[in-house]
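In what follows, a structure is listed as structure tokens, so that the remarks can point back to it.
Just so it is clear, none of the values below were taken in a lab; they were calculated from the coordinates. For clarity, every value in this text was computed on a predicted model and none was experimentally measured. Cβ sites come from the backbone with ideal geometry, for glycine too, and all protein chains shown count toward neighbours.
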Amino acid sequence: MLSYENARHKVIEVVASRRAEPARETLAIYQALGRVLGEEIRADRDYPPFHRSTRDGFAVRAADLAKLPATLELIGEIKAGDTFGGEVGAGQCVRIMTGAGLPAGADSVVMIEHTKPAKTRVTFERLVERGQNVVPGGSEAKAGQVLLSPGVRLGYAELALAAQVGHHRVEVNARPRVAILSTGDEVVPVEKKPGPSQIRNSNSVSLAAQAALAGGEPVPLGNAPDSEPELRALIEQGLEADLLVLSGGVSIGKYDLVETVLRRLGAEFFFDAVAIRPGRPAVFSWCRGKPVFGLPGNPVSTMVTFELFVVPAIDLLSGTEPRPLALFRARLAAPLRQKAALTHFLPAQVTWREGEPLVQELPWQGSGDIVALAQANCFLVVPETRLEWGAGDWVDVLPRRDRL
């Protein structure tokens, strides 16, 4: 049985070696948040295109302030967006605003707080170095320089950069279509009232949300009953998407039919169990040119295994590198003890006290307890190598992607 790290590595290895080149589409820049870039973005000119002041103050020649106090003639004013037609000569200065271009002749800016302005003259009381409070033209980027490469996921900074160089539309990779299929006779649609021994199909909702958060396009297929012909038909429908995720039917019970049907469809299996709790009976296979994941049916198990194994596959199918698990360290708020030698992912709440993260496991009733997970903002990760921990110990924490 694989560790979760090795199972995750196997997913990345297989999908990276077999993925197809994603299709591309062009979107308005306001619609491209979170998408993966499909083209190069180059600088259309030098940035900044001029020597830019970083302070409100006075543009001067540094040599004029070699001896203090120094009084210079004020010959004008320049604000951001304006052009100053003259030139700063010896013994002169120009009032300048943040973001304005440095006038010819000047080489530095003195902050207004260090001066005593009068009507036509300004007294300076602090030395200035050449280039101080100025961003040189072309120091951020040169015309023609590649600023963003294909495969970059577009966040707000990347979108701002594309906009700055004139890209009001951007070419992006198509989002991978993620087919989502739950299984089991006990599952009914969300809008229906369940019987005494039935449950609503919450997994279809959580998996669609997780797929969208990861950058995929959810394709909900509903629920397959415990019938091989009906399950096969829905799996074949799911294989028309770029990736198929099933929940339930992957254990060893009489009516756990997912692996049986996948084998009859010619699937190649890479693992069917992972040394974690919750989520041990997780399946990863390749069928008819598509990655297929069989996740446990209990909701918390489903959510954990999707984050660990499906998210990197979606990244790769999107045309980008898989994002690492965003683990960070926090102090344990209370002692902790686990029985099984498995890596545990426990619903937890992390808070910050005096700048230090503190994590507390939440009371929960096992992998079916969505109520507890809805109160959690992270998972407390307990490795299989050590099952007893004391208050104050440093432990790993995996944020919930939608909460932290």
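Here are a few things to note about the model shown:
- Footprinting exposure proxy ranking of MET1, MET97, fewest other C-beta atoms within 10 angstrom first, gives MET1, MET97.
- Only DSSP H runs of four or more residues enter the estimate; each adds -39500 (n - 2.57), and after division by the residues of the chain the mean residue ellipticity at 222 nm equals -5000 deg cm²/dmol.
- Point-charge dipole on Cβ atoms (K/R +1, D/E -1) for the chain, about Cα centre, debye to 20: 480 debye
- Across every direction, the projection of the convex hull enclosing the Cα atoms of the range 275-351 has a mean area of 6.9 nm².
- Exposure proxy for CYS378, CYS287: other Cβ atoms within 10 Å of each Cβ, ordered fewest to most, give CYS287, CYS378.
- Residues considered: ALA141, ALA32, ALA208. Largest GNM mean-square fluctuation over the chain, using C-alpha springs under 10 Å, is found at ALA141.
- Prolate/oblate/rounded label for the range 328-399 (Cα gyration tensor, a/c 1.5): oblate
- Positive end of the dipole of the range 52-135 (Cβ unit charges, origin at the Cα centre): among ASN133, GLY105, ALA66, the Cα lying farthest that way belongs to ALA66.
- Rounded if a/c under 1.5, otherwise prolate or oblate - the range 244-320, Cα gyration tensor axes: oblate
- ARG177, ARG386, ARG45 arranged by Cβ crowding within 10 Å, fewest neighbours leading: ARG386, ARG45, ARG177
- Sorting 260-273, 304-317, 351-364, 52-65 by average packing, meaning the other beta carbons within 10 Å per residue, from highest down gives 304-317, 52-65, 260-273, 351-364.
- Shape category assigned to the range 178-299 from the gyration tensor of Cα positions, a/c cut at 1.5: rounded
- ³J(HN,Hα) computed for each position of the range 142-152 - Karplus, 6.51 cos²θ - 1.76 cosθ + 1.60, integer Hz, glycine/proline x: 9, 3, x, 5, 6, 9, 9, 10, x, x, 7
- Considering only the chain, percent of DSSP beta bridges that pair antiparallel, nearest 5: 65 percent
- Along the range 184-200 the Karplus relation, 6.51 cos²θ - 1.76 cosθ + 1.60 evaluated at θ = phi - 60°, assigns HN-Hα couplings of x, 5, 7, 9, 10, x, 4, 7, 9, 7, x, x, x, 10, 10, 9, 7 Hz to successive residues, with x for each Gly and Pro.
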